[in-house]
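> Before we start, here is the structure in question, set down as structure tokens.
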Amino acid sequence: MELADILIKFGLIVVIFLISLVVAMYSTYAERKVAAFFQDRVGPNRAGPWGILQPLADGGKMFMKEEIIPNRASGLLFIVGPSLAIMTACIGSAVIPWGQPLHIGSKVVDLQVTDINVGVLYIFGVVSLGVYGIMIGGWASNNKYSLLGAIRAASQNISYEISMGLAIIALLMVNGTLSLKEIAEQQHGWHWNVIYQPLGFLIFIVCAFAETNRSPFDLPECETELIGGYHTEYSSMKLGFYLFAEYINMFVSSAVMATLYFGGYNYPGMDWVTAHVGPVIGPLIGTVVLFAKIFLFIFFFMWVRWTIPRFRYDQLMNLGWRTLIPLAIANIVLTGIIMTFFGK
Amino acid sequence: MSTFYVIAFLSIVFSLLVIFAKNPVHSVLYLILTFFTFTIHYILLNAQFLAVVNFIVYMGAIMVLFLFVMMLLNLNKDTEPGKHNLAKLAGVIAGGCLLVVIAGSLKALGKSEPVVLQNPDLGLVKNLGKVLFGEFLLPFEVSSVLLLSAMVGAVLLAKKEPRTV
Amino acid sequence: MESLSNKKKVLEAKPLTLAEKAYLPAIVRGMGITLKHFFKKDVTIRYPEQKREFSENFRGMHSLKRDEQGRERCTACGLCALSCPAEAITMTAAERQPGEENLYREEKYAAVYEINMLRCIFCGLCEEACPKEAIYLDGDIVPSEFIRKDFIYGKDKLVEAPLNQ
């Protein structure tokens, strides 16, 4: 690999990292604004015009607050928990194709950090790793509510991973590849996977809500039952890491959903646009389209949060095991039948 | 090659820590780290699929359940069952047997030869799938039957017996 | 037991229809409702900049009134302090010296007049008790302070501004 290529990759990683952090930061602001709008309120509007500096103020507050480590907590693991949570949240975006390759002069720049052969499974693995941050933190706190939150998070993640995987299998049958780049390329123009896999998408999005611990499946941090759930004992920036990891997870899972089911950077009429604006601007427009889709999904996450009340724990398990898994298996069988008899 | 030695060293260290850690939860966490080094080994062998499956299934699911059970157990000093002398004796005999078996098998095998892959891309999903569902179809299906029987057994154990009054 | 009034209405728990069991139509309807609110005008006001009008009989901060010539009306009779159920008012009387006729209307006036705003319950009994129409609770909301001492309001904060200003 040439030095220039390495530099380009490094730059891309830095840019993606910064973008996911900024998006997560402003998701906290957007969450409060959206919540306010849904409740006929104004939302934060004091820090800067329209409260636009609110995330900075929040971050500053988090850094300034007193750091408390409980006496009986197990010291190192108490710190490892939030670090692991935010780390696993950040590495998920490595395999997402952010756009078509750019042609700058004779150079071709891939807008993807790495195109590994098993991209879908990689994301899956990162998601399943994410629960360790919560479990370790919850256990290390030495608090019964934290432990209950951690256990809920673990069982919820494992239960919903199964139906998520089954939903992806049906998608892989249609696309025939595990590489996210190829999946995105196959959805060229308007051939989005959601048209071929509506049921699979429905299952996937429900599981995505459960995996990111977002309402209505935010039982690990259910205030009414568990005080704060797994982060009851956390304060200062360690708490901030947990909250921040949730928003980064939301961003990454929105990106994954947009890539897997909603065509990624593809949009109808993209060939015509690329032919007219050239091979640099064209793919960049695709990237903008991808981000528009991601923001729509993030808005959808918030919309659901402020509409649907939290599930009860047994309802959650019933939905996961008795409804989603059979549905996902039926989806696989149905996809197989249709592909056999009608071709794709 | 140097990467291999670093990772191999790490896996041995972590697996020793699994045994020597006092706290069972720490032990499980070290086991997770050991599995992580295994994942890196697979990547070094260009077996991407195996690496990711090891990552998802072992690290992401099975070890979560291990941790889950460990957290729920009440592992205080006083709840630990007392070790009888008989149990100690049995342990020594079993350990000795294991040692003999390992030593014997090592001797029987002789010096192991480095595995040379004919096809370096064998670990990729496509090739692996072709091999699994072509050449090794029967063992593959038999192992799935084994898993099924294990599942049935688990369900049977978990089901409450009807009360006979 | 038999209902005597016959007003009891027995509710039947109907089994859910398929559409209700699927849960999705209900979610879609709920999300429609929230989306409607998303585009509605907000009902809040931005408080320190905008204020809602107080009702006519709102009782806020006290003010000690002046008469038409700008003289203080209060004669330090102490009826307000006596009527106060919360014991919030205290005062010290003083005799008007010659030459002070343009400052105080009566021959006796309050040299010190203090209201403890933390004690005050804004009942308005002082207003009713005053024979000189000197005290009214027609002010704004009492602002917040950092220490308790600052809530004891003296004449500097209570007396109305002079007329010619």
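Read-outs throughout are calculated quantities, based only on the coordinates presented, and are distinct from any laboratory measurement. Since this is a predicted model, take the numbers as computed values, not measurements. As a convention, Cβ positions derive from the backbone with ideal geometry for all residues, glycine included, and neighbour counts pool all protein chains shown.
> Mind checking which pairs have a first residue in segment A:138-157 that is facing chain B (nearest Cβ under 10 Å) and closer than 14 Å to B:Phe66 by Cβ and a second that is basic (Lys, Arg) and assigned to a helix (DSSP H, G or I), Cβ under 7 Å, 6 or more apart or different chains?
Going by the 7 Å Cβ cut-off, there are no qualifying pairs.
> What about A:Val273, is it more than 25 Å from the chain's Cα centre (by Cα) and aliphatic (A, V, I, L, M)?
Values: more than 25 Å from the chain's Cα centre (by Cα): yes; aliphatic (A, V, I, L, M): yes.
Criteria met by A:Val273.
To keep it simple, each residue is scored yes or no on (1) surrounded by 10 or more Cβ atoms within 10 Å (Cβ to Cβ); (2) without any contact (Cβ under 8 Å) to a residue 12 or more places away in the chain.
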position	(1), (2)
C:Ile33	yes, yes
C:His37	yes, yes
C:Pro48	no, yes
C:Gly60	yes, no
C:Lys65	yes, no
C:Thr75	yes, no
C:Cys84	yes, no
C:Ala88	yes, no
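> Can A:Glu66 be described as farther than 29 Å from C:Ile33 by Cβ and touching a residue at least 24 places away in the same chain (Cβ under 8 Å)? If you could, list the steps in order and put the result at the bottom.
Values: farther than 29 Å from C:Ile33 by Cβ: yes; touching a residue at least 24 places away in the same chain (Cβ under 8 Å): yes.
Against the criterion (farther than 29 Å from C:Ile33 by Cβ and touching a residue at least 24 places away in the same chain (Cβ under 8 Å)), A:Glu66 qualifies.
> Still on this structure, please answer the following. Residues of segment C:141-165 being surrounded by 11 or more Cβ atoms within 10 Å (Cβ to Cβ) and either in contact with a helix residue (DSSP H, G or I) (Cβ under 6 Å, 6 or more places away or on another chain) or of a type in the set (Asp, Glu) (or both), which ones?
The answer is C:Glu145, C:Asp150, C:Glu160.
> Within segment C:37-46, is there a residue that is more than 14 Å from chain A (Cβ to nearest Cβ), among the acidic types (Asp, Glu), more than 30 Å from C:Lys149 (Cβ to Cβ) and outside any strand (DSSP E or B)? Before you say what the answer is, go through the steps one by one.
If we filter segment C:37-46 for residues that are more than 14 Å from chain A (Cβ to nearest Cβ), which is where we start, we get none.
For segment C:37-46, residues more than 14 Å from chain A (Cβ to nearest Cβ), among the acidic types (Asp, Glu), more than 30 Å from C:Lys149 (Cβ to Cβ) and outside any strand (DSSP E or B): absent.
> Would it be correct to say that A:Gly320 is more than 30 Å from A:Val22 (Cβ to Cβ), under 21 Å from the mean Cα position of the chain (by Cα) and in a helix (DSSP H, G or I)? If you could, list the steps in order and put the result at the bottom.
On the way: more than 30 Å from A:Val22 (Cβ to Cβ): yes; under 21 Å from the mean Cα position of the chain (by Cα): yes; in a helix (DSSP H, G or I): yes.
Here the answer is yes, as A:Gly320 does meet what is asked.
> If you go through segment A:165-187 one residue at a time, how many are surrounded by fewer than 22 Cβ atoms within 10 Å (Cβ to Cβ), hydrophobic (A, V, I, L, M, F, W, C) and either within 14 Å of chain B (Cβ to nearest Cβ) or under 17 Å from the mean Cα position of the chain (by Cα) (or both)?
Of the residues in segment A:165-187, 3 are surrounded by fewer than 22 Cβ atoms within 10 Å (Cβ to Cβ), hydrophobic (A, V, I, L, M, F, W, C) and either within 14 Å of chain B (Cβ to nearest Cβ) or under 17 Å from the mean Cα position of the chain (by Cα) (or both).
> Exactly one condition in (1) assigned to a strand (DSSP E or B); (2) within 14 Å of chain A (Cβ to nearest Cβ) is not met by C:Tyr113; state its number.
Among (1) assigned to a strand (DSSP E or B); (2) within 14 Å of chain A (Cβ to nearest Cβ), the lone unmet condition for C:Tyr113 is (2).
> Among the numbered criteria (1) within 18 Å of A:Met339 (Cα to Cα); (2) in a helix (DSSP H, G or I); (3) within 13 Å of chain B (Cβ to nearest Cβ), which single criterion is violated by A:Phe201?
(3)
> Then there is this: Give me the residue from segment B:1-24 that is over 17 Å from the mean Cα position of the chain (by Cα) and assigned to a helix (DSSP H, G or I) and, out of that set, farthest from the other protein chains (Cβ to nearest Cβ). If you could, list the steps in order and put the result at the bottom.
Going through segment B:1-24, the residues over 17 Å from the mean Cα position of the chain (by Cα) turn out to be B:1-7, B:9, B:20-23.
Cutting the leftovers down to assigned to a helix (DSSP H, G or I) gives us B:2-7, B:9, B:20.
Numbers: B:Ser2: 19, B:Thr3: 17, B:Phe4: 20, B:Tyr5: 24, B:Val6: 20, B:Ile7: 18, B:Phe9: 22, B:Phe20: 17 Å.
Taking the candidates together, the pick is B:Tyr5.
> Residue check: is A:Ile162 closer than 24 Å to B:Ala51 by Cβ and either free of Cβ contacts under 8 Å to residues at least 40 places away in the same chain or within 10 Å of chain B (Cβ to nearest Cβ) (or both)?
Numbers: closer than 24 Å to B:Ala51 by Cβ: yes; either free of Cβ contacts under 8 Å to residues at least 40 places away in the same chain or within 10 Å of chain B (Cβ to nearest Cβ) (or both): yes.
So A:Ile162 fits the description; yes.
> Confirm whether A:Met62 is under 30 Å from B:Val25 (Cβ atoms) and surrounded by fewer than 19 Cβ atoms within 10 Å (Cβ to Cβ). Full working, then the answer.
Numbers: under 30 Å from B:Val25 (Cβ atoms): yes; surrounded by fewer than 19 Cβ atoms within 10 Å (Cβ to Cβ): yes.
Judged against the criteria, A:Met62 is a match.
> Now a separate question. Quickly run through segment A:318-328 and pick out the residues that are surrounded by 15 or more Cβ atoms within 10 Å (Cβ to Cβ) and more than 10 Å from chain C (Cβ to nearest Cβ). Spell out the reasoning first.
Within segment A:318-328, the first condition is being surrounded by 15 or more Cβ atoms within 10 Å (Cβ to Cβ), and the residues that meet it are A:319-320, A:323-325, A:327-328.
Listed by number, the residues that qualify are A:Gly320, A:Leu324, A:Ile325, A:Leu327, A:Ala328.
> While we're on this one: Tell me, which residue of segment B:54-64 that is within 7 Å of another protein chain (Cβ to nearest Cβ) and free of Cβ contacts under 8 Å to residues at least 12 places away in the same chain is surrounded by the fewest Cβ atoms within 10 Å (Cβ to Cβ)?
Looking only at segment B:54-64, we keep the residues that are within 7 Å of another protein chain (Cβ to nearest Cβ), and these are B:55-56, B:59-61, B:64.
Pick out the ones that are also free of Cβ contacts under 8 Å to residues at least 12 places away in the same chain and you get B:56, B:60-61, B:64.
Working: B:Ile56: 23, B:Gly60: 26, B:Ala61: 16, B:Val64: 24.
Looking at the filtered set, the residue picked out is B:Ala61.
> Being within 12 Å of chain A (Cβ to nearest Cβ) and either surrounded by fewer than 17 Cβ atoms within 10 Å (Cβ to Cβ) or among the hydroxyl-bearing types (Ser, Thr, Tyr) (or both) is the filter; apply it to segment B:34-52 and report the residue that is nearest to B:Met71 (Cα to Cα). Spell out the reasoning first.
Initial filter on segment B:34-52 (within 12 Å of chain A (Cβ to nearest Cβ)): B:35-36, B:39, B:42-43, B:46-52.
Okay, now just the ones that are also either surrounded by fewer than 17 Cβ atoms within 10 Å (Cβ to Cβ) or among the hydroxyl-bearing types (Ser, Thr, Tyr) (or both), so B:39, B:42, B:46.
Values: B:Thr39: 25, B:Tyr42: 30, B:Asn46: 35 Å.
Filtering segment B:34-52 for residues that are within 12 Å of chain A (Cβ to nearest Cβ) and either surrounded by fewer than 17 Cβ atoms within 10 Å (Cβ to Cβ) or among the hydroxyl-bearing types (Ser, Thr, Tyr) (or both), the one nearest to B:Met71 (Cα to Cα) comes out as B:Thr39.
> Further, regarding this structure: Scanning segment A:102-137 for residues that are more than 18 Å from A:Ala208 (Cβ to Cβ) and β-branched (Val, Ile, Thr), which turns out nearest to the other protein chains (Cβ to nearest Cβ)?
Here is the first cut: in segment A:102-137, the ones more than 18 Å from A:Ala208 (Cβ to Cβ) are A:102-118, A:132, A:135-137.
Cutting the leftovers down to β-branched (Val, Ile, Thr) gives us A:104, A:108-109, A:113-114, A:116, A:118, A:136.
Working: A:Ile104: 30, A:Val108: 23, A:Val109: 24, A:Val113: 16, A:Thr114: 11, A:Ile116: 6, A:Val118: 5, A:Ile136: 7 Å.
Restricting to residues being more than 18 Å from A:Ala208 (Cβ to Cβ) and β-branched (Val, Ile, Thr), the top hit is A:Val118.
> Which pairs do you get when a residue that is not in a helix (DSSP H, G or I), found in segment B:30-46, comes within reach of a residue that is not aliphatic (A, V, I, L, M), reach meaning Cβ atoms under 9 angstrom, with the pair 6+ apart or on two chains?
Final answer for the pair search is B:Leu45/B:Gly123; B:Asn46/B:Pro120; B:Asn46/B:Asp121; B:Asn46/B:Gly123.
> A further question follows. Can we say B:Leu50 is assigned to a helix (DSSP H, G or I) and either free of Cβ contacts under 8 Å to residues at least 60 places away in the same chain or not hydrophobic (A, V, I, L, M, F, W, C) (or both)?
no
> Another question, if that's okay. Test A:Ala47 against the stated conditions and say whether it is over 29 Å from A:Ile123 (Cβ atoms) and either assigned to a loop (DSSP other than H, G, I, E, B) or among the polar types (S, T, N, Q) (or both).
yes
> I've got another one for you. Consider segment C:135-165. How many of its residues are in contact with a Lys or Arg (Cβ under 6 Å, 6 or more places away or on another chain) and either among the basic types (Lys, Arg) or more than 16 Å from C:Arg59 (Cβ to Cβ) (or both)?
So the count comes out to 1.
> Mind counting the residues in segment A:31-43 that are buried (at least 18 other Cβ atoms within 10 Å of the Cβ) and within 13 Å of chain C (Cβ to nearest Cβ)?
6
> Also, quick follow-up: Mind listing just one residue for me: the one in segment A:255-300 that is touching a Phe, Trp or Tyr at 6+ places or on another chain (Cβ under 9 Å) and more than 30 Å from A:Thr212 (Cβ to Cβ) and, of those, surrounded by the most Cβ atoms within 10 Å (Cβ to Cβ)?
A:Val273
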